[in-house]
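K.L.:
This structure is in structure tokens; I'll ask about it shortly.
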Protein chains: 4
Amino acid sequence: MTELEKLVGRLRRFSKVRDWEQFHTPKNLAMALAGEVGELLAELQWLTPEESSKIMEDPESAARLESEVADVMIYLTRLADALKIDLLKAAHAKLDESERRYPVEAYRGSARKAPPLV
Amino acid sequence: MTELEKLVGRLRRFSKVRDWEQFHTPKNLAMALAGEVGELLAELQWLTPEESSKIMEDPESAARLESEVADVMIYLTRLADALKIDLLKAAHAKLDESERRYPVEAYRGSARKAPPLV
Amino acid sequence: MTELEKLVGRLRRFSKVRDWEQFHTPKNLAMALAGEVGELLAELQWLTPEESSKIMEDPESAARLESEVADVMIYLTRLADALKIDLLKAAHAKLDESERRYPVEAYRGSARKAPPLV
Amino acid sequence: MTELEKLVGRLRRFSKVRDWEQFHTPKNLAMALAGEVGELLAELQWLTPEESSKIMEDPESAARLESEVADVMIYLTRLADALKIDLLKAAHAKLDESERRYPVEAYRGSARKAPPLV
């Protein structure tokens, strides 16, 4: 069992004992995921990109960022479980595709030509 | 090395050889993450919650959902790396907190009292 | 001067006297807009679509919804001003296009064929 | 009738003749709104804040931005109508509050102390 599968299992048990599975439809979980991403954006919205790169140097900001990123991870993991998607396998499959679509020589250094990552 | 750490490493190499690290500030990655979550919402927005629970039965919808969920995972993993946050550790820490805040007996079955998960 | 133009003007003055114009780049305002939309989603995420249709019957929920919708409107108005986009003109132009793309007879009652609105 | 009320009316008729009102619950419309905001973010995600301030100088980017901003306005207007919220009145009420909470002298020039706008 991978570490990620352990998190999937913990979220299942957490939801089951509280009888919260009834709320965890893909539609609802996707909304909750988006809500948490909104909170993450709020932490970064007025910073310059350079300031955002140094945000973890401030302990209070770092704690808030870690908490928001964790919330996003929790809902993403729970959503993927609800959809029976293997997050790691799906991510690697998408990167296989990105490696084909964005050959190194053609795309080096350019954000205009390609959406940098996927 | 965990499976998730392997994905982190692959994303680092993918970005480095294309010289795309310059675009991957926390601010930019958080926006890209939100953009991908938006695409995920678009797949589910007109479905009822019940229809959303069955969406993976349709092969075409399933492929699109898997692709969108993968994109979200990729940007979340890359963002967490940029912020030096351990996704799994952060998620478990947040769940420790949720278990304390939402004792089973008090919160069973209720979405009114608590935001179900975190 | 339309009512919307009055809001644009009020936001300009509000920002100027506080010297906050420096933060109001399109990039930052788009993030703030997304953050506010995230808060709006959070109000609706665990409701069924039917419950969401009745949410304004509860005075406390109604006040929160009104506040979140207002925040979204404020950032959208400010963003459009920063981009020199006329919100009403742009919306009508988009609807002209939707009316051509989705002829009434072909699309009546179907959310599968078309993204209902734009 | 204000210009905004005319847009509200046009959206009502557009939806009614296509029998799409059935899809326009607050929950669904909020998701669609978030999806459109995601597309807007995607246009700005790899730009620096400075580049984002000049994006309308490029005609192709300007057309895309105008289209995305229009989509957001359309769904926000439709959502507010579904919730029976007067967008302009709600925005002004929120700004009344912001003017009280953020007195000019105390907040001038600072994004740390206050979320700049609301």
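What follows draws every value from the coordinates through simple rules; no lab data is involved. Note that this is a predicted model, so its numbers are computed, not measured. Note: ideal-geometry Cβ built from the backbone for every residue, glycine included; neighbour counts use all protein chains shown.
K.L.:
So for chain A, if I pair up every lysine 8 or more residues apart or on another chain, how many of those pairs have alpha-carbons under 24 Å apart?
P.N.:
12
K.L.:
Another question, if that's okay. To the nearest 10 degrees, how steep is helix A:59-82 against the longest Cα principal axis of chain A, on a 0 to 90 scale?
P.N.:
Tilt relative to chain A: about 70 degrees.
K.L.:
Could you tell me the relative contact order of chain D? Use alpha-carbon pairs under 8 Å, at least six residues apart, and round to a whole percent.
P.N.:
Relative contact order for chain D comes out at 30 percent.
K.L.:
Could I ask something else about it? According to the square roots a ≥ b ≥ c of the eigenvalues of the Cα gyration tensor, what is the shape class of the protein assembly as shown, taking rounded for a/c under 1.5, prolate for a/b larger than b/c otherwise, and oblate for the remainder?
P.N.:
Note, shape of the protein assembly as shown comes out rounded.
K.L.:
So how tilted is helix D:26-44 from the main axis of chain D? Cα-based, degrees 0 to 90, rounded to 10.
P.N.:
The answer is roughly 50 degrees.
K.L.:
Distances from A:Val104 to the same residue in each other copy, label points 7 Å out along Cα→Cβ, in nm, shortest first?
P.N.:
Going from nearest to farthest copy, the values are 5.2, 5.8, 6.0 nm.
K.L.:
Sticking with this one: Measuring from a point 7 Å out along Cα→Cβ, what nm distances, shortest first, does B:Asp58 have to its partners in the other copies?
P.N.:
The projected label point of B:Asp58 is separated from its counterparts by 3.1, 3.5, 4.6 nm.
K.L.:
Which chain D residue comes nearest the axis with its C-beta when you rotate D onto A, and by how many angstrom?
P.N.:
It is D:Ala34, 3, counting Cβ atoms only.
K.L.:
Pick from D:Pro26, D:Pro103, D:Pro59: which is most flexible by mean-square fluctuation in a GNM of chain D where alpha carbon atoms under 10 Å apart are linked?
P.N.:
In the Gaussian network model the winner is D:Pro103.
K.L.:
Based solely on its DSSP helices, what 222 nm [θ] is calculated for chain D when runs of n ≥ 4 H residues each add -39,500 (n - 2.57) and the sum is averaged over all residues, nearest 500 deg cm²/dmol?
P.N.:
Calculated at 222 nm, the ellipticity per residue is -22500 deg cm²/dmol.
K.L.:
Additional query: Specify, per residue and in Å³, the volume enclosed by the convex hull of the alpha carbon atoms belonging to chain C.
P.N.:
Taking the convex hull of the Cα positions in chain C, it is 159 Å³ per residue.
K.L.:
Where the centroid of each part is defined by its Cα atoms, how far is segment D:57-118 from segment B:1-40 in Å?
P.N.:
30
K.L.:
Taking chain C as a Gaussian network, where each spring joins two C-alpha atoms under 10 Å apart, which residue of C:Arg100, C:Arg64, C:Arg12 fluctuates the most?
P.N.:
C:Arg100
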